[in-house]
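Heads up, the thing below is written out as structure tokens.
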There are 2 protein chains.
Amino acid sequence: MKRVYKLTLFLFVAGLSTAFAQDEKVDLEVIDKIRNEGMNNSKVMDIAFYLTDVSGPRLSNSTGLKNAQNWAVESFKQWGLTNPHKEEWGEFGRGWEIEKSYIAMTKPYYQVMIGSPKAWTTGTNKQIKGNVMLVKIKSDSDFVKYAGQLKGKIVMMDVPSTIKIGFEADAKRYTDEDLAKMASYSDENPAAKDTYSPKMIQEYRARAAMANKFREFCLNEKAALIISYGRGNTGTYFTSNGASYAVDAKPTLPEMEVSAEHYQRMIRLLNANIPVELEIDTKTRFVQDDLKGYNVIAEIPGTDPVLKDEVVMLGAHLDSWFAATGATDNAAGSAVVMEAVRIIKSLDLKPKRTIRIALWSSEEQGLFGSRGYVKQHFGDKTTMALLPEHEKLSAYYNLDNGTGKIRGIYTQGNKTIVPIFTKWLEPFANLGASTVTLSNTGGTDHLSYDALGLPGFQFIQDEMDYNTRTHHTNMDTYDRLSAEDLKQASIIMAAFVYNTAVREAKIPRKELPKAQEKATGSK
Amino acid sequence: MKRVYKLTLFLFVAGLSTAFAQDEKVDLEVIDKIRNEGMNNSKVMDIAFYLTDVSGPRLSNSTGLKNAQNWAVESFKQWGLTNPHKEEWGEFGRGWEIEKSYIAMTKPYYQVMIGSPKAWTTGTNKQIKGNVMLVKIKSDSDFVKYAGQLKGKIVMMDVPSTIKIGFEADAKRYTDEDLAKMASYSDENPAAKDTYSPKMIQEYRARAAMANKFREFCLNEKAALIISYGRGNTGTYFTSNGASYAVDAKPTLPEMEVSAEHYQRMIRLLNANIPVELEIDTKTRFVQDDLKGYNVIAEIPGTDPVLKDEVVMLGAHLDSWFAATGATDNAAGSAVVMEAVRIIKSLDLKPKRTIRIALWSSEEQGLFGSRGYVKQHFGDKTTMALLPEHEKLSAYYNLDNGTGKIRGIYTQGNKTIVPIFTKWLEPFANLGASTVTLSNTGGTDHLSYDALGLPGFQFIQDEMDYNTRTHHTNMDTYDRLSAEDLKQASIIMAAFVYNTAVREAKIPRKELPKAQEKATGSK
């Protein structure tokens, strides 16, 4: 998941940076071993294969996610990790999966369409056939025009086409210039980082709110099914949810997402008063035998008598969206962190501190797995009531930006860490990773740590085709993975974790955030 | 259709070029009118909408092609063209269309797949379900391994993945450098033009031959269905035919083409000995009420008492493949030639020679529509027995390379035409069209004219995403069309046709080809 995150720079103790830089040691012999194991004996693509092709789509609490979790626990056992287990993080809700997905246009002529039910919506449970009604709603006052007209209808909203001819490459890597910009990021120069503009966010929210009103309206009007627009192009579409995963969620209409080309054709035909008939047959299943959420946890115990009680964590979310197998979001990150612990374990590197891997779940619904874990182990971010483990964690490293290789690391505004990470990246300059930025990045599980004042980091990764083709799409398949990139990332992840585990002191922290005051004017 | 075509330069009368260049006149006032009408009152996108979205896929002799042909005849009538009609060009065979197309993986988990029946194959006519068998055949001797094993099975061949991460843009336009290279093309400098290398052609033919052997084998072994690999990526796949359109063709197995990602996943799973189960439900229909093939023909009669018996033709093939609506191949070209005659007719330009438009059919199966027409009207290319109309044709202009704007024209080695076309393109330099190349181009209907020594030309068009996304794919939809490009092409097409119609002399010809001698050693 990618979200917008406002930069907040924290105070830091001036002068510390230089001191750290001079003292920082890296065991280059170990780094060489890690690099050799990761390059020449890599299992990262095998791991990715099992997490994607074999396990299937891994929507929260779906069978696919359970398959992948169970396989990860088994793998950790086989690799000799300590206490691999699924650890409950709290109540999630229902899993959901597709058992049948068929949609085709039958008039004015037959063409099968690319699409699927939206997450957590019900299916038709039989083949239905009917004309499509195009609904044009720009503002609240437009709803009244359609009152009493949607009963039993297949309905869709008029939306402008987002399809463009592909003069820009789907995939890109960061240029030296991009990276220099990130490296130069500071309080005074904060322009480098902003994924979405405030205008884009506002528009997105307005669209989402209108879509929800439309859903409610269609339900009340007893429409048969909603067709919604799958942003994307040339056969790739971005998926999302159409209903709640809550076990007591209100019933919804069946809803299908359809690829942009097939959606826009219907709009054009209907605008020309040419009837469009569809046949649809979908079946979805709610998985509700266990509503709790689980993370997969395993350890390589520390070997230093004192430091072994301290912990360095690495993690990635294992859950995904449902229309493909979540290869880059985020089997890629999961495979890399698994491969990193496999490398460390297989080399028998004897870390001083304990290394703990976490494969989160329900990241896609709001970082739930990592937030639950952090609350159970480290403390409550609202009250800032901290638990004893809070003091014992050195750092958490996360990977969740696709298949691109690591180009550096975001420090989340922690200036004291810059010289340390700069030193640690030195051996990897020839693998393209040397940028340390004060900028923060959002949208994934390191935020759960950062929110509690714990050092939590996400690496800078080459973007590749994450935003155009893979992230939440029906095409986020194993084929999108770059073996060379994932090998590189595994090596750097293993090195950072190892360095953290053997470092004399824990990773320096930012100042603790303040407890959140109760918002006034809301319950 | 794009095919490889060997360059053959013809003899020409030296010195003519200069003479023509000096004499050549262009009525710039008319050109301005054409440009104004084409830019400010364009109907080209409306035409394209009716040919694609409204008519549907236009495989030879399918209902979609008939829809488009009938609509074109009606449009020509409405525009006031003379004698619009469907003209039989000979016997084609059966049309074919899809009535149901559903394929999904049901084990190890459910995921719907992107795919469709291959052209002219039969359907399953009910839902079938079964495990997939992966067949590894590299050479003829491998077949024996599978004898007796395929009965009732869904089978697929092991093929290497062609999927790449998209670091290159799907679409491109010709650069000034590209165009300069084309312009510099000569007998001495023939390297500029070669779409496919001999190695690529050889490999393609070897694969096609092996696929046919495999089909035959599967039929004899009584397999249930063949899944074949749809080249392409991220939801786009290239379609083709899996059986013959001949009315007396041997029966074949049902065969489906599946997008590369979904195909490669099955290969990976099966190679890891993980069973893959599919459910498939397809229905196809052979259209055989009329096996003949038709072109759509209409005219704007010439107004000069003498020259009106001479003819200038323009054309494009209206037939397409079936998995989308053939927008760039070749509703685009059809819309442009239709718009060009609409412009000329609506401006009441009074051409001296008769202008005749042709919308060909069955181009995709071997330029059949245009070949049939040329044979009926102009002569037999094998014997070079010419008909009286051969003398009356000035030139034929074709458009069939997608939605890209016109950048110039191929002269098919006719050096005498270079100064004429150079002059005619002058008013369009500021629209990006100024290149005249001696190079020829192949793969489409101007070849039918060229083969008989008639001046037949195809324009140079910007490639756009023709080879990556549109040409013969499931994503060749209206969305792929660029309105600005098609407007420009319509204007230039209209201007060339008009210039040819009012020019003092007919377009100079190359030397007549020789009658083809009977090939020795073959029947």
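The values are calculated or read from the model by the stated rules, or taken from the named source; none is laboratory data. Fair warning: this is a prediction, and the values are worked out from it, not measured in the lab. Reconstructed Cβ throughout: ideal geometry from the backbone, glycine too, with neighbour counts over all protein chains shown. Areas reflect the complete protein model, heavy atoms only, side chains present, ligands, DNA and RNA absent. Shrake-Rupley method; radii C 1.70, N 1.55, O 1.52, S 1.80 Å.
Give the residues of the range B:230-256 that are within 14 Å of chain A (Cβ to nearest Cβ), at negative phi and touching a strand residue (DSSP E or B) at 6+ places or on another chain (Cβ under 7 Å), sorted by residue number. Listed by number, the residues that qualify are B:G230, B:R231, B:T236, B:Y237, B:F238, B:T239, B:M256.
I'd like to check something: does the range A:46-53 contain any residue that is open to solvent by 30 Å² or more (accessible area, probe 1.4 Å), within 11 Å of another protein chain (Cβ to nearest Cβ) and in contact with an Asp or Glu (Cβ under 7 Å, 6 or more places away or on another chain)? Before you say what the answer is, go through the steps one by one.
Here is the first cut: in the range A:46-53, the ones open to solvent by 30 Å² or more (accessible area, probe 1.4 Å) are A:46, A:50.
Adding the requirement that they be within 11 Å of another protein chain (Cβ to nearest Cβ) leaves A:46, A:50.
Those still in the list that are in contact with an Asp or Glu (Cβ under 7 Å, 6 or more places away or on another chain) too: none.
There is no residue in the range A:46-53 that is open to solvent by 30 Å² or more (accessible area, probe 1.4 Å), within 11 Å of another protein chain (Cβ to nearest Cβ) and in contact with an Asp or Glu (Cβ under 7 Å, 6 or more places away or on another chain).
Criterion applied to B:P160, B:P117 was being closer than 23 Å to B:S244 by Cα and within 14 Å of another protein chain (Cβ to nearest Cβ), and the one residue passing it is B:P117.
Considering A:T52, A:T106, the condition of being of a type outside the set (D, E, K, R), within 22 Å of B:I103 (Cβ to Cβ), out of contact with any Pro (no Cβ under 6 Å at 6 or more places or on another chain) and part of a helix (DSSP H, G or I) is satisfied by A:T52 alone. Within the range A:439-453, take every residue that is in a loop (DSSP other than H, G, I, E, B) and in contact with a helix residue (DSSP H, G or I) (Cβ under 7 Å, 6 or more places away or on another chain) and give me the one that is modelled with the lowest pLDDT. Checked the range A:439-453; the qualifying residue modelled with the lowest pLDDT is A:S439.
Each residue in the range A:453-471 was checked for being surrounded by fewer than 22 Cβ atoms within 10 Å (Cβ to Cβ) and over 15 Å from A:T328 (Cα atoms), and 1 of them qualify.
Under the condition of being among the charged types (D, E, K, R) and closer than 19 Å to A:K100 by Cβ, which residue from the range B:266-293 is least open to solvent (accessible area, probe 1.4 Å)? Top of the filtered list is B:E279.
Those residues that are in contact with a helix residue (DSSP H, G or I) (Cβ under 7 Å, 6 or more places away or on another chain), part of a loop (DSSP other than H, G, I, E, B) and surrounded by 20 or more Cβ atoms within 10 Å (Cβ to Cβ), I need them from the range A:148-158; list them, please. First the steps, then the outcome.
We begin by selecting, within the range A:148-158, every residue in contact with a helix residue (DSSP H, G or I) (Cβ under 7 Å, 6 or more places away or on another chain); these are A:150, A:155-158.
Then drop every residue that is not part of a loop (DSSP other than H, G, I, E, B), which leaves A:150, A:158.
A:L150, the sole residue that qualifies.
Restricting attention to the range B:301-308, does a residue exist that is in contact with a Phe, Trp or Tyr (Cβ under 7 Å, 6 or more places away or on another chain), among the small types (G, A, S) and away from every other protein chain (no Cβ under 14 Å)? Scanning the range B:301-308 turns up no residue that is in contact with a Phe, Trp or Tyr (Cβ under 7 Å, 6 or more places away or on another chain), among the small types (G, A, S) and away from every other protein chain (no Cβ under 14 Å).
Could you tell me which of the residues A:T473, A:T477, A:T500 is within 14 Å of another protein chain (Cβ to nearest Cβ) and touching a strand residue (DSSP E or B) at 6+ places or on another chain (Cβ under 6 Å)? Give the steps one after another, and end with the answer.
Working: A:T477 fails: touching a strand residue (DSSP E or B) at 6+ places or on another chain (Cβ under 6 Å); A:T500 fails: within 14 Å of another protein chain (Cβ to nearest Cβ).
One residue alone meets the criteria, A:T473.
Scanning the range B:473-496 for residues that are assigned to a loop (DSSP other than H, G, I, E, B) and polar (S, T, N, Q) turns up B:N474, B:T477, B:S482. Listed by first and then second residue, the pairs linking a residue in the range B:315-337 that is more than 10 Å from B:A48 (Cβ to Cβ) to a residue that is open to solvent by 10 Å² or more (accessible area, probe 1.4 Å) and among the acidic types (D, E), with Cβ atoms under 9 Å apart and 6 or more places separating them unless they lie on different chains, are B:F322/B:E97. Being over 22 Å from the mean Cα position of the chain (by Cα) and either under 24 Å from B:R353 (Cβ atoms) or among the hydrophobic types (A, V, I, L, M, F, W, C) (or both) is a property that B:P427 has.
Residues in the range B:129-147: is at least one in a loop (DSSP other than H, G, I, E, B) and more than 22 Å from B:R207 (Cα to Cα)? Looking through the range B:129-147, none of the residues is in a loop (DSSP other than H, G, I, E, B) and more than 22 Å from B:R207 (Cα to Cα). If I filter the range A:235-243 for residues that are crowded, with 18+ Cβ neighbours inside 10 Å and over 25 Å from the mean Cα position of the chain (by Cα), do I get at least one hit? Looking for residues that are crowded, with 18+ Cβ neighbours inside 10 Å and over 25 Å from the mean Cα position of the chain (by Cα), one finds none in the range A:235-243, hence no. Here B:K136 fits the description: more than 14 Å from chain A (Cβ to nearest Cβ), surrounded by fewer than 21 Cβ atoms within 10 Å (Cβ to Cβ) and under 20 Å from B:K222 (Cα atoms). Among the conditions (1) crowded, with 23+ Cβ neighbours inside 10 Å; (2) more than 20 Å from the chain's Cα centre (by Cα); (3) of a type in the set (G, A, S); (4) in the same structural domain as A:L359 (by TED's automatic domain parsing), A:S116 misses just one, which is (4).
Does the range A:285-292 contain any residue that is away from chain B (no Cβ under 14 Å), part of a strand (DSSP E or B), basic (K, R) and on the phi < 0 side of the Ramachandran plot? Yes, because at least one residue in the range A:285-292 is away from chain B (no Cβ under 14 Å), part of a strand (DSSP E or B), basic (K, R) and on the phi < 0 side of the Ramachandran plot.
Among the residues of the range A:391-408, those that are open to solvent by less than 10 Å² (accessible area, probe 1.4 Å) and away from chain B (no Cβ under 14 Å) comprise A:L393, A:S394, A:A395, A:Y396, A:Y397, A:N398, A:L399, A:D400, A:I406, A:G408. The set of residues in the range A:340-383 being among the charged types (D, E, K, R) and touching a Ser or Thr at 6+ places or on another chain (Cβ under 7 Å) consists of A:K350, A:K352, A:R353, A:E363, A:E364, A:R371.
Which one is nearest to A:G366 (Cα to Cα), of the residues in the range A:56-66 that are assigned to a loop (DSSP other than H, G, I, E, B) and more than 8 Å from chain B (Cβ to nearest Cβ)?
Kept after step one, since they are assigned to a loop (DSSP other than H, G, I, E, B), are these residues of the range A:56-66: A:56-62.
Going one step further and asking which of them are more than 8 Å from chain B (Cβ to nearest Cβ), we end up with A:58-62.
Details: A:R58: 15, A:L59: 13, A:S60: 11, A:N61: 14, A:S62: 17 Å.
Taking the candidates together, the pick is A:S60.
Checking each residue in the range A:438-452 for being under 13 Å from A:Y373 (Cβ atoms), open to solvent by less than 10 Å² (accessible area, probe 1.4 Å) and not hydroxyl-bearing (S, T, Y) picks out A:D445, A:H446, A:L452. When restricted to residues that are over 21 Å from A:P254 (Cα atoms) and surrounded by fewer than 21 Cβ atoms within 10 Å (Cβ to Cβ), the range A:90-106 contains 2. Restricting attention to the range A:72-89, the residues that are part of a helix (DSSP H, G or I) and either crowded, with 17+ Cβ neighbours inside 10 Å or in contact with a His (Cβ under 8 Å, 6 or more places away or on another chain) (or both) add up to 4. The requirement of being touching a strand residue (DSSP E or B) at 6+ places or on another chain (Cβ under 7 Å), away from chain B (no Cβ under 14 Å) and open to solvent by 10 Å² or more (accessible area, probe 1.4 Å) is satisfied by A:S434.
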